[in-house]
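Worksheet for the structure shown next.
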Amino acid sequence: MTMPPTASTVYIVDDDEAVRDSLRWLLEANTYRVKSFASAEAFLAEYREDQPGILIVDVRMPGMSGLQLQEELIARKSHMPVVFITGHGDVPMAVNTMKKGAVDFLEKPFNETDLRDIVTRMFDIANENLQKQQSKRAHDAMLGRLTAREQQVLERIVAGRLNKQIADDLGISIKTVEAHRANIMEKLQVTTVADLMKVALASDS
């Protein structure tokens, strides 16, 4: 079984104490770290984007529902994988949540095998998301080393402009453009224009 990274936690949000206790027992028996909350509001009060984990949440709760919590996390641009706990009548609603990015849903009563399989898959997704975020931060930091003028030159290189055209665009000499290109390639740690294009275009992916 794929184990979660040490920094990750299973967050459970359900107003039913018996369900919270049952999930906690099943998950902790499989060595997962668990934090449970009786409401979406209580979860949001403690939630921090820099603490990666996965979320198991009930669809129907007093106050903020699981669906509203999902909407709030989407608004916050959270990458946390979400799975919904649903009763039989909530299945169509749960399917709709998957269209908004939920990983899956657990229909009551759920068994340990289904829960373990879904949680394992969610942590795989969480790890992948975390790696992408770390790569993006490193990439953004690299681009952030460029001066404003170097960024202008890079934009025109990506657009396919030639050195003479870039020089005309910016009102500088061709030699200055060449110097900027050399600095850009050094700062972005690339040796070919093809690699430079890959780095530059990765910011849009």
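Some observations on this one:
- Single residue of the range 44-65 satisfying the filter (open to solvent by 30 Å² or more (accessible area, probe 1.4 Å) and assigned to a helix (DSSP H, G or I)) that is modelled with the lowest pLDDT: 46
- Per the listing 68, 133, the residue uniquely in a helix (DSSP H, G or I), farther than 17 Å from residue 12 by Cα, of a type outside the set (A, V, I, L, M) and open to solvent by 30 Å² or more (accessible area, probe 1.4 Å) is 133.
- Residues considered: 176, 86. Of these, the only one that is in contact (Cβ under 8 Å) with a residue 12 or more places away in the chain and among the polar types (S, T, N, Q) is 86.
- Criterion applied to 107, 112 was being in contact with a strand residue (DSSP E or B) (Cβ under 9 Å, 6 or more places away or on another chain) and within 30 Å of residue 18 (Cβ to Cβ), and the one residue passing it is 107.
- Scanning the range 57-83 for residues that are of a type in the set (Val, Ile, Thr) and under 19 Å from the mean Cα position of the chain (by Cα) yields 57, 74, 82, 83.
- Scanning the range 171-193 for residues that are open to solvent by less than 60 Å² (accessible area, probe 1.4 Å) and in a helix (DSSP H, G or I) yields a total of 9.
- Set side by side, the residues 168, 117 differ, and just one is modelled with pLDDT of 85 or more, out of contact with any Pro (no Cβ under 8 Å at 6 or more places or on another chain), open to solvent by 70 Å² or more (accessible area, probe 1.4 Å) and closer than 28 Å to residue 79 by Cβ, which is 117.
The values are calculated or read from the model by the stated rules, or taken from the named source; none is laboratory data. Fair warning: this is a prediction, and the values are worked out from it, not measured in the lab. We place every Cβ from the backbone using ideal geometry, glycine too, and count neighbours over all the protein chains shown. Each accessible area value is taken on the protein alone, full model and side chains, heavy atoms only, with ligands, DNA and RNA left out. Shrake-Rupley method; radii C 1.70, N 1.55, O 1.52, S 1.80 Å.
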